Amino acid sequence: MRKKWLSLSLAAVVSISMLTACTDNAKIKETVENSLAKQNEMKSYNFEGSAQLQLSEGLLSSTNPLVGGLLSLVRESTVDWKGAVSDEPLQMELDLKLTPKGTTSSIAIPTLIKDSKLYFNMPAINKPDEYYSVDLKQMSQDSKSPLNLDTLKNTPQVTTALLKLFVSGLDAKWFEEAKKPAKLTDGTSAKTITIEITKKNEEKVSALFQSKLPEFVQTLQTNGLLTADQADKLTKGQEAAKLTIQAPGKLVMLIDEQGFIRDQTLDLIFSVTNAGGQASSNQLLLHQTVDGINQPPVFTKEIPKNVKNFDDLLKLFKGTAGNAKQ
């Protein structure tokens with residue numbers, strides 16, 4: 001009789017432990033979802049990050065020789081960035097550095113948004129002190145232009161919305177929280193939550209992404225980041241591509257005591273299969289941190305004095321495209 005009660009007690013303990021574990025995983029997923037919602041409260045912050053890219057020509061290419069040449073530098077490269085942003089009014093400064101694979105030489109692209117204008121320097125096109133200027137208010141009046149004030153303001157929210165769509169469909173058991181809190185650069189503590197992509201779940205993750213693709217595309221189109229024609233090509237007809245996510249991979253988030261995501265790492269391997277059945281392999285390793293959330297950012301860049309009109313650059317792109325067709 002005693003052995004029977006002992007067995008029943010042991011079974012009860014095991015069952016309770018399993019139920020508790022499930023509850024904990026559900027709470028971990030809920031923490032991530034709440035933190036993604038919290039990101040929309042960020043009105044100003046400093047940011048810094050890097051990305052290692054190994055992207056196929058099929059994924060990132062252009063028939064325009066000039067644009068194609070620039071994209072060829074990006075496809076296999078390391079991209080580093082650092083800057084600050086404030087929403088109202090929109091002001092951002094960014095130092096972008098591109099280092100193509102196999103070289104030690106970097107291409108620096110300083111960028112500034114101020115007073116509804118975008119200024120940037122392209123070393124391959126501009127002199128060191130020469131910048132192109134884009135009137136974002138004027139661009140906003142062109143419904144076909146993806147580069148406008150509203151689009152730039154909404155980009156962080158769109159990125160968060162896309163991640164929320166994806167995370168919402170993931171199985172709670174794939175969310176793991178580290179036992180020990182992490183230390184952020186300002187000395188405060190943060191939870192470390194990881195979503196692993198393994199051989200056991202890669203098919204389910206891929207299927208989830210494919211099922212969410214129409215919603216992803218609709219979100220991008222609604223926020224002016226895709227035209228209706230581009231959206232249709234991605235989701236309808238024979239041209240629609242299929243994306244397959246492969247193991248190993250992971251998404252790691254450090255969430256501070258206020259619920260903000262302060263540090264993110266995305267390690268992703270994926271292949272894209274086109275309408276002809278050809279698959280191209282791609283890899284992305286991205287890491288970004290944010291700091292000084294909702295504190296007055298310190299901006300250091302001044303409006304450039306030597307400025308060229310953005311239309312000149314558009315004419316250059318159109319000219320190279322026209323020459324290529326001849």
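If I ask for residues that are of a type in the set (F, W, Y) and assigned to a strand (DSSP E or B), which ones from the stretch 246-284 would you list? Of everything in the stretch 246-284, just one residue is of a type in the set (F, W, Y) and assigned to a strand (DSSP E or B), namely F270. Could you tell me whether Q258 is touching a helix residue (DSSP H, G or I) at 6+ places or on another chain (Cβ under 9 Å), loosely packed, with under 15 Cβ neighbours inside 10 Å and touching a residue at least 60 places away in the same chain (Cβ under 8 Å)? In short, yes.
Per-residue answers, yes or no, for (1) in contact with a Leu (Cβ under 6 Å, 6 or more places away or on another chain); (2) of a type in the set (A, V, I, L, M, F, W, C):
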residue: Q221; (1), (2): no, no
residue: Q230; (1), (2): no, no
residue: A247; (1), (2): no, yes
residue: V252; (1), (2): no, yes
residue: Q264; (1), (2): no, no
residue: L268; (1), (2): yes, yes
residue: S271; (1), (2): no, no
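Taken as a whole, the stretch 89-102 holds no residue that is in contact with a Pro (Cβ under 7 Å, 6 or more places away or on another chain), polar (S, T, N, Q), modelled with pLDDT of 90 or more and farther than 30 Å from K173 by Cβ. Selection within the stretch 223-249: residues that are open to solvent by less than 40 Å² (accessible area, probe 1.4 Å) and at pLDDT below 80. The member of this set that is nearest to K173 (Cα to Cα) is A241.
Across the stretch 136-154, the qualifying residues are those that are surrounded by fewer than 16 Cβ atoms within 10 Å (Cβ to Cβ) and at pLDDT 75 or above, and the one among them that is farthest from D24 (Cα to Cα) is Q138. Looking at V298, V252, V290 in this structure, which one is β-branched (V, I, T) and at pLDDT below 90? On inspection, the qualifying residue turns out to be V298. Among the residues of the stretch 270-280, just one is open to solvent by less than 30 Å² (accessible area, probe 1.4 Å) and among the β-branched types (V, I, T), namely V272. The set of residues from the stretch 168-190 being out of contact with any helix residue (DSSP H, G or I) (no Cβ under 6 Å at 6 or more places or on another chain) and either surrounded by 17 or more Cβ atoms within 10 Å (Cβ to Cβ) or aliphatic (A, V, I, L, M) (or both) comprises L170, W174, A178, A182, L184, A190.
A residue that is surrounded by 15 or more Cβ atoms within 10 Å (Cβ to Cβ), touching a Lys or Arg at 6+ places or on another chain (Cβ under 9 Å) and of a type in the set (A, V, I, L, M, F, W, C) occurs somewhere in the stretch 284-292.
When L266, L220 are checked against the criterion of being touching a residue at least 12 places away in the same chain (Cβ under 8 Å) and either more than 17 Å from the chain's Cα centre (by Cα) or under 22 Å from D171 (Cβ atoms) (or both), a single residue qualifies: L266.
Does any residue of the stretch 209-217 turn out to be of a type outside the set (G, A, S), over 22 Å from the mean Cα position of the chain (by Cα) and surrounded by fewer than 16 Cβ atoms within 10 Å (Cβ to Cβ)?
no
Among residues of the stretch 274-289 that are in contact (Cβ under 8 Å) with a residue 40 or more places away in the chain, those with a Cβ under 6 angstrom from a residue that is of a type in the set (A, V, I, L, M) and not in a loop (DSSP other than H, G, I, E, B), sequence gap 6+ or separate chain, pair up as S280/V272; Q283/I269; L284/L268; L286/A51; L286/L266.
For the stretch 90-113, a residue qualifies if it is closer than 20 Å to Y45 by Cα and open to solvent by less than 60 Å² (accessible area, probe 1.4 Å), and the qualifying residues are L90, Q91, M92, E93, L94, L96, P110, T111, L112, I113. Cβ-Cβ distances below 8 Å connect no pair with a first residue in the stretch 151-180 that is on the phi > 0 side of the Ramachandran plot, a second residue that is among the acidic types (D, E) and open to solvent by 50 Å² or more (accessible area, probe 1.4 Å), and a separation of six or more residues or different chains. Being outside any strand (DSSP E or B), among the polar types (S, T, N, Q) and more than 23 Å from V307 (Cβ to Cβ): is that true of S77 here? So S77 does not fit the description; no.
The values are calculated or read from the model by the stated rules, or taken from the named source; none is laboratory data. Keep in mind the model is a prediction, meaning the values are calculated, not measured. Note: ideal-geometry Cβ built from the backbone for every residue, glycine included; neighbour counts use all protein chains shown. Remember, those area values only see protein heavy atoms, side chains included, never the ligands or the DNA or RNA. Shrake-Rupley method; radii C 1.70, N 1.55, O 1.52, S 1.80 Å.
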